[in-house]
Structures are given as structure tokens and as C-alpha cells.
Amino acid sequence: MNRRLLVIGLVALVLAAGALAFALSNRDKAADELVLYGNVDLRLVSLAFYGNERIAEVLVEEGARVKKGQVLARLDTSRLTPQVAKARAAVAAQAAVVARLRAGSRPEEIAQARANLDSAKADAVNSRKQYERKRELFGRGAGSQQDLDAARAAFDMAEAKIALMQKALDLAVAGPRREDIEQAEAQLCGEEADFAYLGRQLADAELVAPRDAIVRSRLMEPGEMASPQRPVYSLAIVDPKWVRAYASEPDLGKIKPGMKAFVSTDSFPDRRYAGWVGFISPVAEFTPKTVQTEELRTSLVYEVRVFVEDPDDELRLGMPATVHLATPETPSPEPAR
């Protein structure tokens with residue numbers, strides 16, 4: 001009987017020692033590790049066309065993975081394309097005007113102006129002789145005053161034509177004025193700006209993905225009228241992902257930016273996702289209702305973002321997650337794969 005009691009006592013003593021060791025182990029583990037609770041978060045992008053026009057094509061379905069720069073939808077450009085062609089032609093025409101002014105007068109134009117001057121001089125010589133002959137006849141009483149006046153007027157016109165042709169030759173040699181060239185260049189800049197604007201409108205007729213993402217929602221279809229206020233797609237940016245968790249004020253001093261962590265979820269209990277602390281809010285707030293913590297919901301907490309490596313894209317938006325942070329006294333645990 002005494003032996004049986006002794007055995008029972010030894011068993012009880014062993015069990016008590018084991019329980020004590022387990023409790024101490026858990027207490028040390030709890031002291032070495034900080035556990036936060038939160039939800040998986042990622043960026044959502046709403047894509048809308050810049051202009052107002054009817055949608056011609058919607059190219060991607062929901063759930064599809066898209067690459068940065070990939071065309072997702074197109075607008076009807078049947079009215080815009082002729083305007084772009086017209087603006088391109090206007091730019092080409094004005095560029096030719098600027099080139100002609102910069103080149104100056106051609107040798108043929110200068111030669112033509114010089115020939116016109118020589119012709120005017122020859123006409124002036126003939127007009128002078130006619131005038132002198134009429135004046136001599138009038139002096140002998142053989143001519144009329146009317147004929148003399150007409151000859152004088154013809155001579156004066158010939159002299160004026162010489163001056164006119166001389167100025168034309170000087171202008172041809174000097175070439176265009178600098179002010180005329182600058183005006184033409186300014187007009188060319190205006191035409192180029194109009195062409196660039198219409199070209200931008202034509203480029204905006206294609207809706208492209210800003211980053212690698214997954215199509216979350218397809219919100220419009222071909223034939224509908226697009227506008228900047230109506231998104232066509234909602235995209236989910238799957239990299240980076242983070243867990244939006246909350247820490248109480250007593251635990252805030254244990255968390256540092258860049259601190260390594262690992263994240264676990266109920267959906268994948270055997271997976272540990274490596275992560276690091278990327279953001280600690282400088283402002284306190286009340287505990288959100290979506291966060292399950294041991295403290296009262298009315299207590300103040302600080303938001304902590306723990307960025308997560310998820311190469312297999314298993315984590316989903318809003319998924320509850322548990323963040324394990326190692327305190328500075330112990331190294332952070334390696335994630336199990």
C-alpha cells in the first residue's frame with residue numbers, strides 16, 4: 001500500500017515538474033515574441049479613360065493577370081483620327097514655310113530681280129529720249145503741250161520703276177526679315193502643340209495597365225459611354241502586400257522599422273510568410289472592429305504595416321492574419337516552407 005502511494009506520488013511529482021517546465025517555456029516564448037493581429041491589405045487601382053467617348057473594345061476578363069503597359073480597352077477613334085491627320089499636315093506645311101524663310105532668296109529670284117531692274121533702266125532711257133524729243137519739237141512750235149506732258153509723265157514713271165526694281169533687288173539679296181522668321185517659327189510651335197495635344201488624345205484612347213496586377217472587376221462593356229468619372233476596371237496590385245496590424249502603447253517600444261517577422265493565417269496553417277515592419281503610425285487610434293485583440297476595443301493602438309513575401313499569391317485582400325515579431329533579445333524565426 002505504501003509502495004503504491006509512493007509510486008502515485010512520484011508520478012504526480014513528475015507531472016507537476018513537466019507542467020512547470022512547460023509553463024516556464026511558454027512564458028519565456030511569450031516574452032521573446034510579440035504577436036499582433038490584423039488583416040491582409042493591398043493596393044486597389046480604379047482605371048478610367050481620360051476622355052468622353054464610346055468604348056470600342058474591352059480586351060481583358062476578370063481574374064486575368066496583366067502586365068505593365070498592356071492595353072486593356074480602347075475607345076472609338078473614328079472622329080479623332082482625321083483631326084490628327086489634319087494637324088499633322090498643318091505642321092508639315094508650316095515647317096515648309098519656316099524652312100523657306102530660313103533659306104532666304106534663291107539665286108534665281110535674285111537674278112530675276114536684277115533682270116527686272118535692267119528692264120526698268122532700259123525703259124527709262126527710252127522714256128527720257130522720247131521726252132527730250134517732244135520738248136525739242138515743242139520748243140520749235142511743232143508739238144503740243146499735251147504731248148510734252150505725256151512724255152514727261154512717262155519719263156517720271158520710268159524713273160520711279162527703276163527705284164522700285166532696285167528696292168526689290170535689295171530685298172531679294174537681303175532675304176526675309178528676322179521678325180518674319182520668328183513669326184513663322186512661333187506659328188510652327190502652335191501647330192506642333194495642337195498636333196501633340198491631339199496625339200495625346202489618340203494615345204489616351206487606349207487604357208493601359210499602370211503596373212503588373214490582377215483584374216479584380218470589369219465594370220464597363222463595349223458600346224457604353226466612357227468618362228473620367230466612370231472606371232472601366234478595378235485592378236489589384238499584388239506586390240507589395242502587407243498586413244495591417246495594431247499594437248498597443250506598451251508594446252510599441254518593442255517594434256522597430258525593418259524588424260523581421262513572419263505571418264501566419266488560418267487558411268494556410270502550415271505556411272509561414274516572411275515579412276518585415278515597414279511602417280509604424282505616429283498617431284494613435286481606436287482599435288478597429290475588424291481586429292481581434294485581447295485588449296478592449298476602446299483602447300488606443302498604433303497601426304503597424306508588416307510587408308509580406310507571397311511569391312505564390314496565396315494571401316487575399318482582407319484575410320485575417322497573425323504577425324509574429326521576435327523581440328530584440330532573440331533572433332527572428334526563419335519562415336517554414
Among the residues of segment 205-220, write down those that are among the acidic types (D, E) and modelled with pLDDT under 95.
D212
Take the residues in segment 27-62 that are at pLDDT below 90 and among the small types (G, A, S), then tell me which one is nearest to the chain's Cα centre (by Cα).
G51
Counting only residues that are in a loop (DSSP other than H, G, I, E, B), under 13 Å from V208 (Cβ atoms) and of a type in the set (A, V, I, L, M), segment 39-68 contains a total of 3
In segment 238-266, the residues that are at pLDDT 90 or above, part of a strand (DSSP E or B) and of a type in the set (V, I, T)
V243, V263
Taking segment 69-85 and the residues there that are at pLDDT 95 or above and among the charged types (D, E, K, R), the one that is farthest from S248 (Cα to Cα) would be D76
Being assigned by TED's automatic domain parsing to the domain that holds E182, in contact (Cβ under 8 Å) with a residue 24 or more places away in the chain and out of contact with any helix residue (DSSP H, G or I) (no Cβ under 7 Å at 6 or more places or on another chain) is the requirement here; does S105 meet it?
no
Take A73 and decide whether it is surrounded by 13 or more Cβ atoms within 10 Å (Cβ to Cβ), under 60 Å from the mean Cα position of the chain (by Cα) and more than 27 Å from G190 (Cα to Cα).
yes
May I ask you to verify whether S119 is in the same structural domain as I181 (by TED's automatic domain parsing) and outside any helix (DSSP H, G or I)?
no
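The values are calculated or read from the model by the stated rules, or taken from the named source; none is laboratory data. Since we're looking at a predicted model, the values are computed, not measured. Neighbour counts run over all protein chains shown; Cβ positions are idealised from the backbone, glycine included.
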